[in-house]
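Undergrad: Take this structure first; my questions come after.
The values are calculated or read from the model by the stated rules, or taken from the named source; none is laboratory data. Because the structure is a prediction, the values reported are computed rather than measured. Neighbour counts run over all protein chains shown; Cβ positions are idealised from the backbone, glycine included. Ligands, DNA and RNA are excluded from the accessible area calculation, which covers all protein heavy atoms including side chains. Shrake-Rupley method; radii C 1.70, N 1.55, O 1.52, S 1.80 Å.
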Amino acid sequence: MLRASHLLRASFRPLARGAATHALRRGAPLVRNLKAGIPSSSRYLATVAPAAPEEQKQETHLPIVSSDASQVAVGWDPRTWSRFHNIWLRDHCRCPKCFHSITKQRLLNTFEIPKDIAPLHVSPKPDGLQVVWSSSDSHTSLYPWEWLKQNSYDPPLARQGEISDKVLWGSKIAQAPPTVAYDEVMQGDAGLFKWLSNVDRFGFSFITGVPPTPEATEELSEKIGFIRETHYGKFWDFTSDLAKGDTAYTTLALGAHTDNTYFTDPCGLQLFHLLSHTGGTGGTTLLVDGFYVASILKGLNPSAYNILSKVPVPAHAAGEPTSLYRPNPPAGFSTLNHDRWSNELMQVRWNNDDRSVMSHLAPTEVEEWYEAIRLWNKCLKSADSEYWVQLQPGTAVVVDNHRVLHGRSAFDGKRRMCGAYIGVDEYRSKLAVLSETFSPDSVLRSTATLPETVVNGRNIWNVAL
Ligand SMILES: [Zn+2]
C-alpha cells in the first residue's frame with residue numbers, strides 16, 4: 001500500500017467519503033500549485049470535512065483525490081500528483097461488467113462512453129481510488145493505488161523510478177559467467193525462472209550437466225517455449241558438411257554476429273549445444289554483449305551511435321535455392337533499435353556477412369556510415385569486449401539474439417552441434433508467467449488479496465494487461 005507520509009505529517013487528510021468530489025475548475029489552482037511544488041494547504045484544508053478520530057487515523061495514509069470535468073487528480077504526497085483523464089479511467093474500469101476476469105479481455109464498449117463522462121464522486125478507499133460515475137446506472141469503479149501509480153502517465157512516475165537490472169559485461173564475465181544446472185531447470189519452475197532471469201540480466205546463460213544428446217537438448221529448449229521452425233529446420237543437429245547453404249555449416253571462423261538479420265522478426269533466443277568434437281581442435285565460441293559495446297560506442301562517438309540507430313541495413317538469406325529471405329520492409333532495420341517510448345536500446349541486429357546492397361543511404365551519409373560501422377566493428381573486436389569460451393559436451397548455452405552477438409574460431413576435425421531457435425515472444429511470455437510467482441511486482445503484491453482479483457490464476461491488475 002502506498003503511503004503519503006508527507007500528508008500524514010502535515011496532518012492533511014483526504015476528502016471525506018460522501019463529500020468526496022472536490023469540483024476543481026479546469027486547471028484549477030490546487031493542481032497548478034501542486035505542480036509548482038508547494039501545495040496551497042489553505043485550499044486543501046478548506047475542503048476537508050470534520051471526521052471521527054478513528055476514521056481520520058485510518059485515512060491519513062491514503063492519497064488525496066479530487067476531480068473536475070475532465071480529470072481526476074491523485075496526490076501521492078504534497079509534491080507528487082498524477083492526473084488521469086476521466087475517459088481514460090472509465091475505459092480502464094476492471095469491474096466484472098467492464099472486464100472479463102477470466103479471459104482478461106475488455107467487455108466495455110469504449111465507444112459508448114460519453115465524451116463528457118465525469119465522476120459523480122471520487123473517494124480514496126484503502127484498496128484504491130473509487131469513482132462513482134455520473135452515468136444513469138451510477139457505475140462504480142475501483143482502481144488499486146499501486147496500479148494507478150505504475151500506470152501514471154501525467155507524469156509518468158513508474159518509468160522515472162525504473163532501474164534496469166541488466167548487467168552489461170565485457171571479457172571479464174569469464175570469471176563468473178551466468179550458469180544454471182540442467183537438473184535445476186528440469187526439476188521445476190524455480191530453476192527455469194533462474195535460467196531465464198540470467199538471460200534477461202546478462203543476455204546469455206550456460207546450462208551445465210546436460211546429457212550430450214539431441215533429445216535432452218530439445219527437451220531443454222522446449223522448457224522455454226515452442227521451438228521456432230525456420231528454413232534450417234526445427235531442432236537442428238548438424239555437422240560442418242554444408243548441409244545448408246550457410247557458413248554456420250562450414251569450418252570457417254565466424255565473427256560476432258546476431259542471427260536472422262534477414263528476418264523481419266529475428267529469433268529471440270538461440271540455444272546451442274556442442275555434442276562432440278573429434279579429430280581436431282579450434283571452434284572456440286565467442287560471445288559479445290551488444291548492449292555493452294553499444295554503450296562504449298555511445299561514449300566514444302555519439303554521432304556514430306546515432307547513425308547506427310538510424311540507418312536501415314538490408315540483409316538476405318539466399319544460400320538455399322528454395323528460399324530467399326529478406327526483412328520487411330526490404331530496407332531492413334537499423335543496427336541499434338530502441339524502444340520508441342522509453343528510448344532504451346532494445347535490439348542489436350548485426351551480421352556484416354548477410355548484409356545486402358546499401359542503396360538506402362543518402363549520398364551525404366555513405367562515408368559517415370562506413371566510418372560508424374568501422375568504429376562499431378573495432379569496439380566489437382576489442383579484447384575488452386570479447387568473451388571466448390571453449391564449449392564442452394554437456395554444457396549448453398542460450399543466447400539472447402536481440403542483444404548478445406556470437407561467433408566462433410575456425411576449427412578442424414568433426415564437430416556435431418545441435419540447437420534451436422525460440423521466438424522472443426515465447427521467451428518473454430514464459431519469463432512473465434514465472435515472474436508472477438517468483439518475482440511479483442509491487443502491483444501484484446499489493447492487490448493479491450483484493451476480492452475477485454486473482455481469477456483463473458492471474459491477477460486482473462497485472463501491469464501487462
Ligand atoms: Zn466497470
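Undergrad: Give the stretch 409-425 a look and list any residue that's assigned to a strand (DSSP E or B) and either modelled with pLDDT of 95 or more or closer than 14 Å to residue 273 by Cβ (or both), or say none. Explain how you work it out, then say what you get.
TA: The first filter runs over the stretch 409-425 and keeps only residues assigned to a strand (DSSP E or B), leaving 411, 414-422.
Selection gives 415, 416, 417, 418, 419, 420, 421, 422.
Undergrad: Okay, next question. Could you grab me the full set of residues in the stretch 171-191 that are hydrophobic (A, V, I, L, M, F, W, C) and either surrounded by fewer than 21 Cβ atoms within 10 Å (Cβ to Cβ) or outside the structural domain of residue 268 (by TED's automatic domain parsing) (or both)?
TA: Answer for the stretch 171-191, where residues must be hydrophobic (A, V, I, L, M, F, W, C) and either surrounded by fewer than 21 Cβ atoms within 10 Å (Cβ to Cβ) or outside the structural domain of residue 268 (by TED's automatic domain parsing) (or both): 173, 174, 176, 181, 186, 190.
Undergrad: Could you check, for the stretch 65-80, whether at least one of its residues is at pLDDT 95 or above, of a type in the set (Phe, Trp, Tyr), under 19 Å from residue 128 (Cα atoms) and within 16 Å of the ligand (Cβ to nearest atom)?
TA: No, the stretch 65-80 contains no residue that is at pLDDT 95 or above, of a type in the set (Phe, Trp, Tyr), under 19 Å from residue 128 (Cα atoms) and within 16 Å of the ligand (Cβ to nearest atom).
Undergrad: Among the residues in the stretch 137-148, are any more than 16 Å from the ligand (Cβ to nearest atom) and either under 18 Å from the mean Cα position of the chain (by Cα) or in a loop (DSSP other than H, G, I, E, B) (or both)?
TA: Applying the first criterion (more than 16 Å from the ligand (Cβ to nearest atom)) to the stretch 137-148 yields 145-146.
Filter again for either under 18 Å from the mean Cα position of the chain (by Cα) or in a loop (DSSP other than H, G, I, E, B) (or both), leaving none.
For the stretch 137-148, residues more than 16 Å from the ligand (Cβ to nearest atom) and either under 18 Å from the mean Cα position of the chain (by Cα) or in a loop (DSSP other than H, G, I, E, B) (or both): absent.
Undergrad: Taking the stretch 81-96, which residues are within 16 Å of the ligand (Cβ to nearest atom) and either assigned to a strand (DSSP E or B) or touching a Phe, Trp or Tyr at 6+ places or on another chain (Cβ under 9 Å) (or both)?
TA: 84, 86, 88, 89, 90, 92, 93, 94
Undergrad: Follow-up question, since we're still on this one. Please determine whether any residue of the stretch 170-183 is at pLDDT below 95 and either touching a Leu at 6+ places or on another chain (Cβ under 9 Å) or away from the ligand (no atom under 16 Å from the Cβ) (or both).
TA: Among the residues of the stretch 170-183, not one is at pLDDT below 95 and either touching a Leu at 6+ places or on another chain (Cβ under 9 Å) or away from the ligand (no atom under 16 Å from the Cβ) (or both), which makes the answer no.
Undergrad: What tally of residues in the stretch 374-405 results from selecting those that are surrounded by 15 or more Cβ atoms within 10 Å (Cβ to Cβ) and over 26 Å from residue 167 (Cβ atoms)?
TA: Qualifying residue count, the stretch 374-405: 1.
Undergrad: Still on this structure, please answer the following. Here's a check for you: in the stretch 108-126, which residue that is surrounded by 14 or more Cβ atoms within 10 Å (Cβ to Cβ) and not in a strand (DSSP E or B) is farthest from the ligand (Cβ to nearest atom)?
TA: 118
Undergrad: I've got another one for you. For a quick check of your reading: which strands (runs of 3 or more DSSP E) sit entirely within the stretch 248-301 and have at least 1 residues that are open to solvent by 20 Å² or more (accessible area, probe 1.4 Å) and assigned by TED's automatic domain parsing to the domain that holds residue 197?
TA: 254-257, 269-278
Undergrad: Under 7 Å between Cβ atoms, at least 6 apart or on separate chains: pull out the pairs that start in the stretch 81-98 with a residue that is without any contact (Cβ under 8 Å) to a residue 12 or more places away in the chain and end on any residue that is more than 10 Å from the ligand (Cβ to nearest atom).
TA: Taking only residues 6 or more apart or on different chains, not a single pair turns up.
Undergrad: I would also like to ask the following. Here is a check on your reading of the model: is residue 102 open to solvent by 60 Å² or more (accessible area, probe 1.4 Å), touching a residue at least 24 places away in the same chain (Cβ under 8 Å), of a type in the set (Val, Ile, Thr) and not in a loop (DSSP other than H, G, I, E, B)?
TA: no
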